[in-house]
1. If I build a Gaussian network model for the chain, linking alpha-carbon pairs within less than 10 angstrom, which residue out of 72, 62, 98 has the largest mean-square fluctuation?
2. Using a 10 Å cut-off around each Cβ, can you sort 32, 94 from fewest to most neighbouring Cβ atoms?
3. Could you work out [θ]222 nm for the chain from helices alone, using -39500 (n - 2.57) per DSSP H run of at least four and dividing by all its residues? Round to the nearest 500 deg cm²/dmol.
Ligand SMILES: [Zn+2]
């Protein structure tokens, strides 16, 4: 993993603290809670390494269903590690253009955590 800490992320990633594009992990320089973000992004990076990064990124960008699954696995790992609450994870899930409001995100997260 190669960690990059730019002052700003490209406009496409506006509002996010970082993103993974194996083998690079890009995290805004002003982010101080690295541990939590690293766990989240490592889930994505492991999947990218397994699937090959370009197919993973294409599916992530083009498929809501794939993106939801990827984010549920990443936020689920953070919740299981006790790094964030399920409520905070559900709130975060509403920012990924998944068509989910907070309640639907909470239901999806609870469903994932109960079976994942
Ligand atoms: Zn993510």
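1. Between 72, 62, 98, it is 62 that shows the largest mean-square fluctuation.
2. 32, 94
3. The helix-only estimate for the chain comes to -18500 deg cm²/dmol at 222 nm.
None of the figures in this text is laboratory data; all of them are computed from the coordinates on show. Quantities reported herein were computed from a predicted structural model and do not represent experimental measurements. Glycine also receives a Cβ, built like all others from the backbone with ideal geometry; neighbour counts cover every protein chain displayed.
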